[in-house]
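S.K.: Encoded as structure tokens, here's the structure I'll be asking about.
The values are calculated or read from the model by the stated rules, or taken from the named source; none is laboratory data. Fair warning: this is a prediction, and the values are worked out from it, not measured in the lab. Every residue, glycine as well, gets a Cβ built from its backbone with ideal geometry; the counts of neighbours run over all protein chains shown.
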Amino acid sequence: MSLRVYNTMSGKKEEFQPLTPGKVGMYVCGVTVYDYCHIGHARANIVFDIIYRYLKFSGFDTTYVRNYTDVDDKIINRANERGIPSKELAEDFIRAFDEDMAALGLAKPTHEPRATEYIDKIIEICRILIDKGLAYASAGDVYYRVDKFDRYLQLSKRNMEEMQAGARITTGEQKENPMDFALWKAAKPNEPLWESPWGAGRPGWHIECSAMSSSLLGDSFDIHGGGRDLIFPHHENEIAQSEGASGKPFAKYWLHNGFVNVNQEKMSKSLGNFFTIRDILQTYDPEVVRFFILTAHYRSPIDFSDQNLADSQTGLSRFYEALQLAEDAVDGITETGIKSSLGAELETRFREAMDDDFNSALAIAHLFEGVRNMNRLCATKKFRKKADLVAQVRDLRATVLRLGEVLGLYNSNPAQWLEKLKFTGLAKLEISAEEIEAQIEARKQARTDKDFARSDEIRDALIERGIELLDSQQGTTWKLK
RNA sequence: GGCCUCGUCGCCAAGUGGUAAGGCAGAGCUCUGCAAAAGCUCCAUCACCAGUUCGAAUCUGGUCGAGGCCUCCA
């Protein structure tokens, strides 16, 4: 089975066939750097991170471009509020973005261009559009003449009449048509500016993506991605600009991720109901956040809540506990060369899921079955003496790790990951590790004395305080309840 | 007002024509001094109504409900 992707342009899943066999060019709209990223940004970036990883895993030579929009009204406003140059503000938030994405374990894109590095290209596109009659200069601004581009609104499936019927469109003084959008804006006081044939100014929003994508991927490329909220106007305008200027088809497949909701409502800056990535990482491990996001399909909305994150943490722990168990179970047993087909079977199911429009939720479900399989095998009587089972566990463990890598999951050391989780949780309880160890010692003595009443008393007291004891052959350990 | 999504077990969540994945929670059992973990078993007919079909959660129409876009937004 080969890869199928849902294309917003056609509204359905299509067979994925790159323009050049074996190669993929992918452009994803990055962030406008004027504030810290919230969980919605985390989702978009994680989603395209796994799409990138899976394309490479599938053998495509993939070029992934994700930009920074570092010149924009909001950046300028925020910088002026703080009394610092907008370039400085942008730099600060680019750094913050990079830190957040690194924390979330994102692979670095092939290119991470900044809008301000492409001013020449932006001016060139404006000029071509004006020459073709698709744009016009007006009082130092340059606007796109949308009614000259007949494919306008094809992506968002609207029409001009209903758009104009909407009461919220305000007529710009300089525009021929209220629907026209700015390619270039004349500089106002306290704004960064660049010289252009239309006077000093700066790019409008949208044009930078056309400039960067064509510079790095060519006029036509395979995948263009971003959040749903970018479909209109951002992506619609990009198409108009890029295809208008080049005369060639722009992106072949349009992929859009769904929103992160809070209480069934879209999380957004304007609603003020957002949680920043840094805030969330105070409480949850970055991999838990990633796991949470990937247990839903990328196009579905997901509801962000403490409960959902906690559930994801439990689910991810199951993986690490199983990986730890498997590691211990086969430790020290010599390799026999016995073959196992379990890993290959798991990989087939994983690929089928991911090939179906990157269904990471289903892929993870398959991996959960791999976990159950591993646990079952390890729990078999005289497991260590059964070379075929040992080979199967080794195979499954290696496969879960390898496929997990494609999702950016399970790549921590299990023991360390579980330890970290334990001690992070412990910090919120009013009990120390030393005290727990002391209680374990006391209980051990009681058990040696066969004083089970005392032993159970200690256990129950700890449970009251949120600590659960685990007895095993190797002794007693503890975990958070 | 226009356009577009979505509505699956207590919770999260796959499944878009062939008879409901997975996780969490829950019940029983095995294991355990007792527990925990792990394993095994059990646990939904898919908002509602009507239709198409041999057959529908999946297609069509309608009803109700939720959300999104139309303004900055991942």
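S.K.: Identify the residue in segment A:461-481 that is near RNA strand B (Cβ under 9 Å from one of its atoms) and over 16 Å from residue A:420 (Cα atoms) and, among all such residues, is surrounded by the fewest Cβ atoms within 10 Å (Cβ to Cβ).
M.R.: Here the answer is A:472.
S.K.: Between a first residue in segment A:212-229 that is assigned by TED's automatic domain parsing to the domain that holds residue A:116 and farther than 20 Å from residue A:45 by Cα and a second residue that is within 16 Å of RNA strand B (Cβ to nearest atom) and of a type outside the set (Asp, Glu), which pairs have beta carbons less than 8 Å apart while being 6 or more apart in sequence or on different chains?
M.R.: What qualifies is A:215/A:113; A:220/A:251.
S.K.: Restricting attention to segment A:314-327, does a residue exist that is near RNA strand B (Cβ under 10 Å from one of its atoms), in contact with a Gly (Cβ under 8 Å, 6 or more places away or on another chain) and hydrophobic (A, V, I, L, M, F, W, C)?
M.R.: There is at least one residue in segment A:314-327 that is near RNA strand B (Cβ under 10 Å from one of its atoms), in contact with a Gly (Cβ under 8 Å, 6 or more places away or on another chain) and hydrophobic (A, V, I, L, M, F, W, C).
S.K.: Can you tell me how many residues within segment A:1-56 are within 17 Å of the chain's Cα centre (by Cα), among the hydroxyl-bearing types (Ser, Thr, Tyr) and either within 11 Å of RNA strand B (Cβ to nearest atom) or closer than 23 Å to residue A:234 by Cα (or both)?
M.R.: Here the count works out to 4.
S.K.: If you check every pair at least six apart or on different chains, which have Cβ atoms under 8 Å apart with a residue in segment A:456-472 that is touching a residue at least 24 places away in the same chain (Cβ under 8 Å) first and a residue that is within 6 Å of RNA strand B (Cβ to nearest atom) second?
M.R.: Taking only residues 6 or more apart or on different chains, the pairs are A:462/A:468; A:462/A:469; A:469/A:459.
S.K.: If you don't mind, there's one more thing I want to ask. On the given criteria, is residue A:459 at pLDDT below 90 and of a type outside the set (Ser, Thr, Tyr)?
M.R.: In short, no.
S.K.: When segment A:318-343 is examined, which residues are found to be in a helix (DSSP H, G or I) and not aliphatic (A, V, I, L, M)?
M.R.: A:318, A:319, A:320, A:321, A:324, A:327, A:328, A:343
S.K.: Okay, next question. Looking only at segment A:228-275, filter to residues that are among the basic types (Lys, Arg) and surrounded by fewer than 17 Cβ atoms within 10 Å (Cβ to Cβ); which one of those is farthest from residue A:147 (Cα to Cα)?
M.R.: Going through the qualifying residues, I end up with A:269.
S.K.: Mind telling me which of the residues A:389, A:418, A:362 ends up being within 14 Å of RNA strand B (Cβ to nearest atom), farther than 27 Å from residue A:45 by Cβ, among the aliphatic types (A, V, I, L, M) and in a helix (DSSP H, G or I)? Even if it seems obvious, please write down each step before you answer.
M.R.: Details: A:418 fails: farther than 27 Å from residue A:45 by Cβ; A:362 fails: farther than 27 Å from residue A:45 by Cβ.
Result: A:389 is the single residue among A:389, A:418, A:362 that is within 14 Å of RNA strand B (Cβ to nearest atom), farther than 27 Å from residue A:45 by Cβ, among the aliphatic types (A, V, I, L, M) and in a helix (DSSP H, G or I).
S.K.: Pick out the one residue from A:402, A:376, A:372, A:349 that is away from RNA strand B (no atom under 11 Å from the Cβ) and basic (Lys, Arg).
M.R.: Within the list A:402, A:376, A:372, A:349, the selection yields A:402.
S.K.: Name every residue in segment A:319-337 that is touching a helix residue (DSSP H, G or I) at 6+ places or on another chain (Cβ under 7 Å) and surrounded by fewer than 14 Cβ atoms within 10 Å (Cβ to Cβ), in order of residue number.
M.R.: Result: A:336, single match.
S.K.: Here is a check on your reading of the model: is residue A:409 within 12 Å of RNA strand B (Cβ to nearest atom) and modelled with pLDDT of 95 or more?
M.R.: Details: within 12 Å of RNA strand B (Cβ to nearest atom): no; modelled with pLDDT of 95 or more: yes.
Considered against the rule, which asks whether it is within 12 Å of RNA strand B (Cβ to nearest atom) and modelled with pLDDT of 95 or more, residue A:409 comes out as no.
S.K.: Identify, please: which residue in segment A:433-460 is among the polar types (S, T, N, Q) and more than 8 Å from RNA strand B (Cβ to nearest atom) and is, among those, nearest to residue A:310 (Cα to Cα)?
M.R.: If we filter segment A:433-460 for residues that are among the polar types (S, T, N, Q), which is where we start, we get A:439, A:445, A:448, A:455.
Checking the rest, the ones that are also more than 8 Å from RNA strand B (Cβ to nearest atom) come to A:439, A:445, A:448.
Values: A:439: 28, A:445: 35, A:448: 37 Å.
Once the filter is applied, the top-ranked residue is A:439.
S.K.: Does residue A:376 satisfy the condition of being farther than 30 Å from residue A:14 by Cβ and outside any strand (DSSP E or B)?
M.R.: On the way: farther than 30 Å from residue A:14 by Cβ: yes; outside any strand (DSSP E or B): yes.
Taking the combined requirement at face value, the residue satisfies it.
S.K.: Same structure again: Just wondering, is there one or more residues in segment A:194-201 that are closer than 29 Å to residue A:112 by Cα, in the same structural domain as residue A:16 (by TED's automatic domain parsing) and among the hydroxyl-bearing types (Ser, Thr, Tyr)?
M.R.: Of all residues in segment A:194-201, those closer than 29 Å to residue A:112 by Cα come to A:194-201.
Right, trim to in the same structural domain as residue A:16 (by TED's automatic domain parsing) and you get A:194-201.
Of the ones still in play, those that are also among the hydroxyl-bearing types (Ser, Thr, Tyr) are A:196.
The answer is yes, given that some residue of segment A:194-201 is closer than 29 Å to residue A:112 by Cα, in the same structural domain as residue A:16 (by TED's automatic domain parsing) and among the hydroxyl-bearing types (Ser, Thr, Tyr).
S.K.: So which residues in segment A:46-72 are acidic (Asp, Glu) and in contact (Cβ under 8 Å) with a residue 40 or more places away in the chain?
M.R.: A:49, A:70, A:72
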